Each structure stands twice: as structure tokens, then as C-alpha cells.
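Asks: Quick one: the structure is below, and I'll ask about it shortly.
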Amino acid sequence: MWEFVQKHWNHAVEILLLAVLLYQGYRFLRATRGARILTGLLVLLLGLALVSQLLKLEVITWLLKGFVTFFAIALVVIFQPELRRLLAELGSHRFFSFNGSEEASLDNLIEAMVQLSHRRCGALFAIQRGIELKPFAESGVSLDAKISTELIGTIFHPKTPLHDGGMVVDQGRIVAAGCVFPVSQKDLPDRSIGLRHRAGLGITEETDAVALVVSEETGALSLCHKGKLEHNLEPDELRERLQRILVYGEDDNTRNESESGKAEEARSSA
Ligand SMILES: Nc1ncnc2c1ncn2[C@@H]1O[C@H](COP(=O)(O)OP(=O)(O)OP(=O)(O)O)[C@@H](O)[C@H]1O
């Protein structure tokens, strides 16, 4: 027995490492647009490999070997946004966009969202963290103004030219408004979720920003982080989640979709 362990312990380590890598890769990619394409490609390749081995089809086996290089390049193309975010996160140095003294701005921002929600005015915010949002800010109108409930309320008033599009926020200041964010192509279970929420998701798929959304239709407040939507949050929940992410740097998406669903039910029955 001991001899067997001595002989094979390195294989066990290898299997463990590969299992962890595959599982982490699966967790990172499962909710992405490319996941289905990847699953389809893998099923096709494995099926072909099996058939060609069983029937000893030499040409197909040879073609499949050559296909491995193409497959590696295809992976980079399919998962380009996710890889870009991952690499940018690794290289980023600043993690929090709000420090203690800027928590007041966070309160003003949430208060503005609550007021917009009551007035059923749609709004979209992206809070910059480690990765620069400059390219997105440049698609809108540069502002550089201190966050205030009144200013945000005015900008997202439906009769103003800047209400359309998203607002970029950094270090307690409004950097720009009327900005165009990338739109997520993710499959979402709720078909009523439209472009505003998809743009909130999109910017968090490509960067480490946190996006906040006020729904024009329902007044629901939502938070997007790392390509995940936490829909229909109560203002206190939103404040707590934002503080966890921005002030304490906790990155977990602790509130899952079933909890969002329950909150939604509670809201509609109230
Ligand atoms: N790429 C984008 N970047 C920033 N803002 C966008 C983008 N695409 C759409 N929007 C904003 O979303 C608005 C359209 O929202 P839409 O009704 O499709 O979304 P929704 O997610 O259903 O939100 P709501 O619940 O507010 O209706 C547009 O008027 C525009 O202000």
C-alpha cells in the first residue's frame, strides 16, 4: 500500500490540480455567452474523437489533432470579454472606489436612486474601481461634478438630453453622463429585462465596475457585479451590498437569484 502511495502520489496531485483548474474555469465561464458554444464544440469534438478511434478513421483523427491549435485560438476569441476582464483585474492596483469619507457620496447616490425609483425615472450608473472606465465615459458628456441627489435627479429627468445612457461615477464624483456601455449578450431567464439592465451587466462583464440600475418600468433597484444581476433590491440591501463590495472589498455575489425572486414576489404582493 505504502509503495503504491509513493509511486502514485504525484498523479493524485496532478488530478487534484487539474480538477481545481477545470472547476474554476467552469465556474468562471458557465454564465457566459460563450459557454454554450464551448459545450457544443466540446460535444462535437469528443463525439468525433470517439467515433474515429472506434472505427480507426485515420484522416479524421489526423484532422482532429490539427484542430486542437485552432480550438485554442477559438477559445480566446469566444471568451475575449471575460479574458480581458480577468487580465485587467490581475493588473489593476486600486480596488475600492469609495473610502470612508466618500461613504456620504454613496448615501447620496442611493438616495437619488430611491427618488428616481419613486418617480419611475430609469437610470444607469457604473462605479469605477480598479479598471479605468475612460473609454465609456468618453462616449458621453464629461461632467466632473460632486455627487448630489439633486444633480443626479436632474440628469435622469426624462426631459433632459443627458438622461439617455449611463452615468460614470468615480471617487465620489460624476465623471460623465449619457454614456454608452457595452450590452451583455447573456441569456437571461427574465425576458422583461431590457437594454438598460443588459448595459449594466455588460460593463461589469468587461470591467470590475459595479453597475446600478433603476428600472423605468417597475422602479426596481438592481446591482450588477462581475456579470451577475442582483435584481429588485430594497434600498437597505443595496446599501449593504455596495458597502461590502466597495468599502470592504468583498467580491462575493452573496444574494442569489432565488432570493431576488422572493423579494420581487414580496414587492408585488405588497
Ligand atoms: N448600451 C447602452 N448604454 C447605456 N444605456 C443604454 C444602453 N442601451 C440602452 N440604454 C438605456 O436604456 C434605455 C432603454 O431601456 P429598456 O427599456 O430597453 O431597458 P430595461 O432594462 O427594460 O429597463 P426599464 O426597466 O427601465 O425599462 C435607453 O433609453 C437608454 O437610456
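The values are calculated or read from the model by the stated rules, or taken from the named source; none is laboratory data. Only a predicted model underlies this, so the values are computations on that prediction, with no experimental measurement involved. When we count neighbours, we look across all protein chains shown, and the Cβ atoms used for this are built from the backbone with ideal geometry, even at glycine. Ligands, DNA and RNA are excluded from the accessible area calculation, which covers all protein heavy atoms including side chains. Shrake-Rupley method; radii C 1.70, N 1.55, O 1.52, S 1.80 Å.
Asks: Read through the list (1) farther than 26 Å from Glu82 by Cβ; (2) surrounded by 21 or more Cβ atoms within 10 Å (Cβ to Cβ), then give the number of the only condition that Glu230 fails.
Replies: Single failed check for Glu230: (1).
Asks: Could you please let me know if Asp144 is within 12 Å of the ligand (Cβ to nearest atom), acidic (Asp, Glu), over 30 Å from Ala35 (Cβ atoms) and in contact with a strand residue (DSSP E or B) (Cβ under 9 Å, 6 or more places away or on another chain)?
Replies: Considered against the rule, which asks whether it is within 12 Å of the ligand (Cβ to nearest atom), acidic (Asp, Glu), over 30 Å from Ala35 (Cβ atoms) and in contact with a strand residue (DSSP E or B) (Cβ under 9 Å, 6 or more places away or on another chain), Asp144 comes out as no.
Asks: Is there any pair linking a residue in segment 58-82 that is over 30 Å from Thr204 (Cα atoms) and not assigned by TED's automatic domain parsing to the domain that holds Glu205 to one that is exposed (fewer than 14 other Cβ atoms within 10 Å of the Cβ) and not β-branched (Val, Ile, Thr), with Cβ under 8 Å and at least six apart or on different chains, and which?
Replies: Pairs that qualify, where the first residue is over 30 Å from Thr204 (Cα atoms) and not assigned by TED's automatic domain parsing to the domain that holds Glu205 and the partner is exposed (fewer than 14 other Cβ atoms within 10 Å of the Cβ) and not β-branched (Val, Ile, Thr), are Thr61/Gln53.
Asks: Taking the stated definitions as given, is Ala123 modelled with pLDDT under 85 and in the same structural domain as Leu221 (by TED's automatic domain parsing)?
Replies: Spelling it out, it is not the case that Ala123 is modelled with pLDDT under 85 and in the same structural domain as Leu221 (by TED's automatic domain parsing).
Asks: Something else now. What pairs come up if the first residue lies in segment 153-172 and is in contact (Cβ under 8 Å) with a residue 60 or more places away in the chain, the second is part of a strand (DSSP E or B) and near the ligand (Cβ under 10 Å from one of its atoms), and their beta carbons are under 6 Å apart, counting only those six or more places apart or on different chains?
Replies: Matching pairs, first to second residue: none at all.
Asks: Considering only segment 132-141, state which residues are within 13 Å of Val180 (Cβ to Cβ) and more than 10 Å from the ligand (Cβ to nearest atom).
Replies: Within segment 132-141, Leu133, Pro135, Ala137, Glu138, Val141 meet the criteria.
Asks: Still on this structure, please answer the following. In segment 197-214, what count of residues is obtained for those that are within 11 Å of the ligand (Cβ to nearest atom) and either farther than 27 Å from Lys159 by Cβ or buried (at least 23 other Cβ atoms within 10 Å of the Cβ) (or both)?
Replies: Total meeting the criteria: 9.
Asks: Oh, and also: Output the residue which, of all residues in segment 184-194 that are within 7 Å of the ligand (Cβ to nearest atom) and surrounded by fewer than 17 Cβ atoms within 10 Å (Cβ to Cβ), is nearest to Leu223 (Cα to Cα).
Replies: Gly194
Asks: Just to check your reading of the model, which residue among Leu48, Leu55 is over 28 Å from Gly202 (Cβ atoms) and open to solvent by 100 Å² or more (accessible area, probe 1.4 Å)?
Replies: Step by step, each of Leu48, Leu55 is checked, and only Leu55 is over 28 Å from Gly202 (Cβ atoms) and open to solvent by 100 Å² or more (accessible area, probe 1.4 Å).
Asks: Moving to a separate point now. Restricting attention to segment 18-45, report how many residues are of a type in the set (A, V, I, L, M, F, W, C), open to solvent by less than 70 Å² (accessible area, probe 1.4 Å) and closer than 22 Å to Ile73 by Cβ.
Replies: Number satisfying all stated conditions: 6.
Asks: Identify, by number, the condition in (1) in contact with a Lys or Arg (Cβ under 6 Å, 6 or more places away or on another chain); (2) free of Cβ contacts under 8 Å to residues at least 40 places away in the same chain that Glu206 doesn't meet.
Replies: Condition (2) is where Glu206 drops out.
Asks: Which one is farthest from the ligand (Cβ to nearest atom) among residues in segment 148-173 that are over 20 Å from Arg198 (Cα atoms) and among the β-branched types (Val, Ile, Thr)?
Replies: Thr149
Asks: Can I ask one more? If I ask for residues that are open to solvent by 100 Å² or more (accessible area, probe 1.4 Å) and assigned to a helix (DSSP H, G or I), which ones from segment 1-17 would you list?
Replies: Trp2, Glu3, Phe4, Gln6, Lys7, Trp9, Glu14, Ile15, Leu16, Leu17
Asks: Would you call Glu150 in the same structural domain as Glu132 (by TED's automatic domain parsing), of a type in the set (D, E, K, R) and open to solvent by 10 Å² or more (accessible area, probe 1.4 Å)?
Replies: So Glu150 fits the description; yes.
Asks: With Ser101, Ser92 as the choices, which residue is closer than 30 Å to Leu246 by Cα, at pLDDT below 75, out of contact with any Ser or Thr (no Cβ under 6 Å at 6 or more places or on another chain) and surrounded by 10 or more Cβ atoms within 10 Å (Cβ to Cβ)?
Replies: Ser92
Asks: Right, next: Specify which of the listed residues (Leu75, Leu41, Leu45, Leu18) is more than 30 Å from His225 (Cβ to Cβ) and either in contact with a helix residue (DSSP H, G or I) (Cβ under 6 Å, 6 or more places away or on another chain) or aliphatic (A, V, I, L, M) (or both).
Replies: Leu45
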